[in-house]
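The values are calculated or read from the model by the stated rules, or taken from the named source; none is laboratory data. A quick note: this is a predicted structure, and the numbers were derived from the prediction, not measured. Ideal geometry is used to build each Cβ from the backbone, glycine not excepted, and the neighbour counts take in all protein chains shown.
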Amino acid sequence: MIAHLRIWADRLIGLSANLGALGLIVEVGVILVDVIGRSFGAPLYGSQDLISMSMVILVFGAMALCDRQRGHIAVDLFEPRFPAALNRAIDICAALLGAVVFAFIAYAIIDSAKLSVMLNLSTNLLRLPKAWFQWGLAGFSIITALGMTLRAVEFCLPGGDSPSTKETAP
Amino acid sequence: MSAEALGFTGIVALLILLVLRVPVAFAMFLVGFLGIWALNGWNGAMGLLSSETFTLASSSELVVVPLFILMGNVASTTGMSRQLYNAAYAVIGHIRGGLASATLLGCGGFAALSGSSVASALTMGKVSLSEMDRYGYDPRLSTGVVAAGGTLGILIPPSTGFVIFAILTEQSIGRLFLAGVFPGLLLLAIFVITVSIICWFRPEAGPPGLRRSLSEKLTALTGALPILLVIASTIGGIYGGLFSPVEAAGVGAAFVIIYGIVTRSLSLPAFWQAARASVVTTATVMLILIAAHMVNPFLALSHVPTYVGEALIALDIPVLGTLVLMLLVYLVLGCFLEGFAMLVLTLPIFFPVVLQMGIDPIWFGVLVVLTLEMGLISPPVGINVFIVKSVAPKVALADIFRGVLPFWLAMLVTLGILIAFPQISLLLPNTMFN
């Protein structure tokens, strides 16, 4: 059951990170076209909007993979001095705390997106609805929260992931 | 409980969570959110969480972070770093300690392509350590040089350290980039002098390499031309007022990608891998930054920075003494905390004091980033040392730390010079922005 869930979670995390990478490539392209266009007196209209909104996808798209690869910065100076049981407990609590943080972010952003829909908020030039990107951010946050919850469950299981285990990127 | 007491309780709780190995971002979110909830109510905390998250995630200024990281990752994948090293090696490799100095020059060059110290140490370590080993270099010198040289990545622009400092303190990224140029070059020169001094006293530590013919030198230098072109167009573009930092980062990233495609040194899977690695690094940085924007208002609401500022002023020590005191705190914290985390944790407290005392914020930024660099090679955490250890598994960690020591002292000397002569940091930004 857990192994099956892990496969699907990794696929979802991989897809989310690919969208993030795509966002980065879009940014490079938009800036290049804008700079070249500007030198010919025709800058790309709305480039600022595209850059800002693709940044949202880029940052939150990669969050789940960042956690999967243990990319979050932690002070692990005392890890070897802690008993194994404490390290395991810390790993479970940290994963759960992370899941709660991302669930809160998703909840707060969904609330904000509802407001954006109500007020018809959009980007300055291209008039892209702000809510689209807020829904996207909330979706990526939910994926991250679910990934972290799954990791906490894996830690709890006998023979589950240990602090020293390095995970492979999906 | 008073607001101040709540603020200090929050700081203690944060430190306990960090010691317990809770990721920095999550610990900051927890403390910041609970603190604002206590001081400003649930709606205030939730409102701040949603507004700060979306505002920072869609910040067009912060776009430089993923773009410069991508530029460094692609440059590393396409072998641009090796060409830089080869060029420096061809010119000065034949003198005593020349390979070590060539490594430092390569690190300096790569630092102008990448904003990351870890990337610089890893890339140049892979390229240069085997070569220095082949010529019988003392492993302490060779590994020390790579670990120390890597730190140039966050001082020589583009630097993620400066970008984060600028965002947290609302300073100009362009000014900070300019301010890092001379200090970066000064540090590079002092590193090279350090190598010469080591080899003067212990000639066996850095025997000379093969002398290259003129044509070999020219070939190696020609190989480094594309990199120099990228550096000139991006960094030069910012200084010349041609590009904003964001545009320079985008154009630079596009240049290295195009270079990789044209020279066939960048396959599609390798490019995709570099892009994914870049967004993951960005996510790490951005999450801490968003979390820092939860902690900062909490500290401001609890009046902790004001309290610290008043306490420092009450000590009645001169401004320079206060500055040195703050830098000492950074040096000590650098032994235990990751540099970026240290920046976001301390700036909300220190920066208002810096402004209150009339210390130039740009100068302060340069000094802080240099002390962060020192933390990268300070025991016991010293991330660059661990990076070098991963590339040179046969060299004992204690030997790498011993090898790094002369360079750490060289950085201390540089810090002293930069404190004594603020003009070194401020000349370029003041000249070009005024």
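A few comments on the model shown:
- Qualifying residues in region B:371-399 (those that are more than 25 Å from B:L328 (Cβ to Cβ) and of a type in the set (A, V, I, L, M)) - the one surrounded by the fewest Cβ atoms within 10 Å (Cβ to Cβ): B:A398
Every residue, every condition in (1) modelled with pLDDT under 85; (2) more than 14 Å from chain A (Cβ to nearest Cβ); (3) exposed (fewer than 15 other Cβ atoms within 10 Å of the Cβ); (4) in contact with a Pro (Cβ under 7 Å, 6 or more places away or on another chain), yes or no:
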position: B:P269; (1), (2), (3), (4): no, no, yes, no
position: B:V295; (1), (2), (3), (4): no, no, no, yes
position: B:A311; (1), (2), (3), (4): yes, yes, yes, no
position: B:L315; (1), (2), (3), (4): yes, yes, yes, no
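- Candidates B:Y307, B:Y330, filtered to the one that is of a type outside the set (A, V, I, L, M), within 25 Å of the chain's Cα centre (by Cα) and away from chain A (no Cβ under 14 Å): B:Y330
- Within region A:91-137, considering residues that are surrounded by fewer than 21 Cβ atoms within 10 Å (Cβ to Cβ) and among the β-branched types (V, I, T), the one farthest from the other protein chains (Cβ to nearest Cβ): A:V117
- Checking each residue in region B:225-259 for being within 15 Å of A:V28 (Cα to Cα), at pLDDT 85 or above and more than 11 Å from chain A (Cβ to nearest Cβ) picks out only B:Y259.
- Scanning region A:65-84 for residues being buried (at least 20 other Cβ atoms within 10 Å of the Cβ), in a helix (DSSP H, G or I) and either at pLDDT 95 or above or within 7 Å of chain B (Cβ to nearest Cβ) (or both) gives a total of 2.
- Residue tally, condition touching a residue at least 12 places away in the same chain (Cβ under 8 Å) and more than 21 Å from B:P361 (Cβ to Cβ), over region B:179-199: 12
- The criterion of at least 2 residues that are closer than 26 Å to B:L266 by Cα, touching a Lys or Arg at 6+ places or on another chain (Cβ under 9 Å) and more than 12 Å from chain A (Cβ to nearest Cβ) is met by the following helices (runs of 4 or more DSSP H) wholly inside region B:1-92: B:80-92.
- For region B:232-242, the criterion of being crowded, with 18+ Cβ neighbours inside 10 Å and under 17 Å from B:G72 (Cα atoms) is satisfied by at least one residue.
- Matching residues in region A:85-124 - criterion: being part of a helix (DSSP H, G or I), among the polar types (S, T, N, Q) and in contact (Cβ under 8 Å) with a residue 40 or more places away in the chain: A:N87
- When residues in region B:31-57 are screened for being within 19 Å of A:C66 (Cα to Cα) and without any contact (Cβ under 8 Å) to a residue 60 or more places away in the chain, 1 of them pass.
- Any hit, region B:215-231, residues being under 30 Å from B:V344 (Cα atoms) and of a type outside the set (A, V, I, L, M, F, W, C): no
- Residue satisfying all of: in region B:75-117; touching a Ser or Thr at 6+ places or on another chain (Cβ under 9 Å) and of a type in the set (V, I, T); nearest to B:G149 (Cα to Cα) among these: B:T103
- Selection of region B:334-344 for residues being within 11 Å of chain A (Cβ to nearest Cβ) and more than 18 Å from B:F386 (Cβ to Cβ) yields only B:V344.
- Members of region A:104-125 found to be touching a Leu at 6+ places or on another chain (Cβ under 7 Å) and of a type in the set (A, V, I, L, M), listed by number: A:I105, A:A108, A:I109
- Residue check for A:V59: facing chain B (nearest Cβ under 7 Å), in a helix (DSSP H, G or I), under 11 Å from the mean Cα position of the chain (by Cα) and at negative phi: yes
- One residue stands out among those in region B:195-229 that are of a type in the set (V, I, T) and more than 30 Å from B:G252 (Cβ to Cβ): the one that is surrounded by the most Cβ atoms within 10 Å (Cβ to Cβ), which is B:I198.
- B:I167 being farther than 19 Å from B:L376 by Cβ, crowded, with 18+ Cβ neighbours inside 10 Å and of a type in the set (V, I, T): yes
- Considering A:L44, A:L22, A:L5, the condition of being at the interface with another protein chain (Cβ under 10 Å from one of its Cβ atoms), surrounded by fewer than 19 Cβ atoms within 10 Å (Cβ to Cβ), of a type in the set (A, V, I, L, M) and in contact with a Leu (Cβ under 9 Å, 6 or more places away or on another chain) is satisfied by A:L22 alone.
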